[in-house]
Amino acid sequence: MSQQSTVQGAAAFAQTYFHGTKADLALGDLVQVGFSSNYSMQNNATYIFLSATLDAAIWGAELAIGDGPERIYLVEPTGELEDDPDLTDKKFPGNPTKSYRSTKPFRVVGEVARWKGHSVEQVQAMKAALENLKKQGIKSCNE
């Protein structure tokens, strides 16, 4: 007598994506284009960003403009993603930070409650480097 299995094989895990910000969001909220970006109060964001690495999302939260607490959200994209050209051109071939952008919303599906940020010195050095690029007239590909 043969036995038939009613249990399916394990399905692949879905990719986890993170979004670092200082915005206060709730489960089900959509991160969308058209609002102030994390990095400039004057611009309405043309793109929104997420990463498949927690470290890149931590940088996003730490570098975001605003006075609110730094937050890392778990998000799911609702449309196509493309590599973030600021992090995937000749500077970092192959997209090692797994950073992406989209014009389609991301749905908040959770929040990372506990994470360890970079040192104060690392954050200050990154902010100084970004300010130096701005002074040199080197603009983001995302503006």
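May I ask for the percentage of alpha-carbon pairs in region 17-135 that lie more than 24 Å from each other?
21 percent
Return the FRET efficiency for the residue pair ARG107, LEU133: r is the Cβ-Cβ distance, R0 is 25 Å, and the value is rounded to the nearest 0.05.
0.20
At what distance in nm do the modelled label points of HIS118 and ASP83 sit from each other, each positioned 7 Å from its Cα along Cα→Cβ?
Placing both labels 7 Å beyond Cα along the Cβ direction yields 2.1 nm.
Could you work out the relative contact order of region 17-135, using alpha carbon pairs under 8 angstrom and six or more residues apart, expressed as a whole percent?
Over region 17-135, the number comes to 32 percent.
Bear in mind these aren't lab numbers, they're just calculated from the coordinates by the rules spelled out. Predicted, not measured: the structure shown is a model, and the values here were computed from it. Here the Cβ is made from the backbone with ideal geometry for all residues, glycine too, and neighbour counts use every protein chain on show.
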